[in-house]
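K.L.:
Structure provided below as structure tokens; questions to follow.
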Amino acid sequence: MKKTFCALFAVCLMLTAGMTSCGEKNITLENPTGTYSQEYAGTTLNVFNWGEYISDGSEGSFDTNAAFEALTGIKVNYMNFESNEAMYAKLKSGAVSYDIVIPSDYMIERLIKEDMVQKLDYSKIDNYKYIADDYRDLYFDPTNEYSVPYSVGMVGLIYNTTMVEGTPDSWSVMWDAKYADNILTFNNPRDAFAIAQFLLGIDINSTDHAAWDAAAAKLKEQNNVLQARVMDEVFNKMEGENAALAPYYAGDYLTMAENNPDLAFVYPKEGTNIFVDSLCIPKNAQNYEAALMYINFMLEPEVALANAEYICYASPNTAVVENPDYALYGNEYLYPTEENKPKTEYFHDIDAETRSYYEKLWEDILLDD
């Protein structure tokens, strides 16, 4: 999912991970727990990840890739993608050979089905022991052969307490006429449809055309009250009080709230999407052994902590979650208690025919706007 740097915790990063002063890069890994070598020193590792989705040395933060290079002698060629679909297209084209990709759950399911990723040698990933049981045996990789979880997130509703009456508890508020022209929604079909589907009690992974038709009709109704469909623009709009309501990721809400304390966040009662982004090695990777070493490195307690604090998403790594010095330790939005956990559902890889059908419905919704 699309991510952004969590500036809120820049100072915490410096304190918890032994950072240098702002402007300098910290590439020191104090006490590695995993096994590493210089055997592949001088080789290059091509890493393909979401933008702003790794601690990169900015604002005095830990420089993950530079630290890996210093430890192993392997050069990291780091590239970004903006969506799972864009990543898939690049990987499918074969124009570039990537050694590491970090897609979301439903896309990993698709990559496995299409034989585009390869099995991992877990004897070389001794830090896998830190992955919590909740993030093993997941539907997209039930035998844990192809992927190692990196980050976890959930979608919720962000609202401005000075502009919205009371505490909304339902997605239905995004259709409320009294907030007309102050409502934002996702500018992508899967997330936008999911909100209507949760509200209507429809399976977000349905292959029934009638179910998608019903959700599309609901989204057309919303056109009357929408201000805009957004992705990254949500930050400026919500922080600047240019909108009252917007669905977005819990981690990004934390960034927005630091810049505007009038913002609040809820998980609507109808349920919401949860996602897991994981590290995978493509089938055509040229540096498999170095890729395994990189995955192991990303699970290092110090490294995982720095990355989790940098991006402000929930971590599947027990060494992070159980660390009381973690800046987001026990955060109610990232790690809700059992009694406060929302109903969640993962996106699954939908067959090509259904995907084409809802994409055409989406085009019609946009034309009707």
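K.L.:
Which one of these does residue 357 not meet: (1) in a helix (DSSP H, G or I); (2) in contact with a Phe, Trp or Tyr (Cβ under 8 Å, 6 or more places away or on another chain); (3) of a type outside the set (Gly, Ala, Ser); (4) crowded, with 21+ Cβ neighbours inside 10 Å?
P.N.:
Failing condition for residue 357: (4).
K.L.:
Name the residue that is farthest from the chain's Cα centre (by Cα), counting only residues in the stretch 150-172 that are hydroxyl-bearing (Ser, Thr, Tyr) and surrounded by fewer than 20 Cβ atoms within 10 Å (Cβ to Cβ).
P.N.:
That would be 162.
K.L.:
What are the residues in the stretch 138-149 that are surrounded by fewer than 16 Cβ atoms within 10 Å (Cβ to Cβ), closer than 18 Å to residue 295 by Cα and out of contact with any Asp or Glu (no Cβ under 9 Å at 6 or more places or on another chain), if any?
P.N.:
Within the stretch 138-149, just 145 meets the criteria.
K.L.:
Name the residue, out of 159, 150, 139, that is assigned to a loop (DSSP other than H, G, I, E, B) and touching a residue at least 12 places away in the same chain (Cβ under 8 Å).
P.N.:
Every option except 139 fails the conditions.
K.L.:
List every residue pair whose Cβ atoms lie under 6 Å apart, where the two residues are 6 or more positions apart in sequence or sit on different chains, the first residue falls within the stretch 26-42 and is at pLDDT 95 or above, and the second residue, located anywhere, is in a loop (DSSP other than H, G, I, E, B) and of a type in the set (Val, Ile, Thr).
P.N.:
Here the result reads 40/74, each pair linking the stretch 26-42 to a residue that is in a loop (DSSP other than H, G, I, E, B) and of a type in the set (Val, Ile, Thr).
K.L.:
Right, another one. Residue under question is residue 199, and the condition is that it be buried (at least 18 other Cβ atoms within 10 Å of the Cβ), under 23 Å from the mean Cα position of the chain (by Cα), aliphatic (A, V, I, L, M) and part of a strand (DSSP E or B); does it hold?
P.N.:
It is false that residue 199 is buried (at least 18 other Cβ atoms within 10 Å of the Cβ), under 23 Å from the mean Cα position of the chain (by Cα), aliphatic (A, V, I, L, M) and part of a strand (DSSP E or B).
K.L.:
Of everything in the stretch 56-102 that's touching a residue at least 40 places away in the same chain (Cβ under 8 Å) and over 17 Å from residue 45 (Cβ atoms), which residue is surrounded by the most Cβ atoms within 10 Å (Cβ to Cβ)?
P.N.:
Among those residues, the one meeting the criterion is 62.
K.L.:
Sticking with this structure for a sec: Where residues in the stretch 299-320 are part of a helix (DSSP H, G or I) and of a type in the set (A, V, I, L, M), which of them is surrounded by the most Cβ atoms within 10 Å (Cβ to Cβ)?
P.N.:
Checked the stretch 299-320; the qualifying residue surrounded by the most Cβ atoms within 10 Å (Cβ to Cβ) is 308.
K.L.:
Same structure again: Would you check if there is a residue in the stretch 322-334 being assigned to a helix (DSSP H, G or I) and surrounded by fewer than 21 Cβ atoms within 10 Å (Cβ to Cβ)?
P.N.:
No, there is no match, as no residue in the stretch 322-334 is assigned to a helix (DSSP H, G or I) and surrounded by fewer than 21 Cβ atoms within 10 Å (Cβ to Cβ).
K.L.:
How many residues, within the stretch 173-187, are within 20 Å of residue 272 (Cβ to Cβ) and crowded, with 17+ Cβ neighbours inside 10 Å?
P.N.:
The number of residues fulfilling the criteria is 9.
K.L.:
Moving on. Yes or no: the stretch 277-287 includes at least one residue that is in a loop (DSSP other than H, G, I, E, B), of a type in the set (Gly, Ala, Ser), at pLDDT 95 or above and farther than 30 Å from residue 174 by Cα.
P.N.:
Within the stretch 277-287 (the criterion being in a loop (DSSP other than H, G, I, E, B), of a type in the set (Gly, Ala, Ser), at pLDDT 95 or above and farther than 30 Å from residue 174 by Cα), the answer is yes, since at least one residue qualifies.
K.L.:
Identify the residue in the stretch 173-184 that is closer than 20 Å to residue 231 by Cβ and not acidic (Asp, Glu) and, among all such residues, is nearest to the chain's Cα centre (by Cα).
P.N.:
184
K.L.:
Yes or no: residue 352 in contact (Cβ under 8 Å) with a residue 60 or more places away in the chain and under 22 Å from residue 111 (Cβ atoms)?
P.N.:
So residue 352 fails the test.
K.L.:
Restricting attention to the stretch 242-258, does a residue exist that is surrounded by 18 or more Cβ atoms within 10 Å (Cβ to Cβ) and part of a loop (DSSP other than H, G, I, E, B)?
P.N.:
The answer is yes, given that some residue of the stretch 242-258 is surrounded by 18 or more Cβ atoms within 10 Å (Cβ to Cβ) and part of a loop (DSSP other than H, G, I, E, B).
The values are calculated or read from the model by the stated rules, or taken from the named source; none is laboratory data. All values derive from a computational prediction rather than experimental measurement. In this analysis, Cβ positions are derived from the backbone assuming ideal geometry, glycine residues included, and neighbour counts consider all displayed protein chains.
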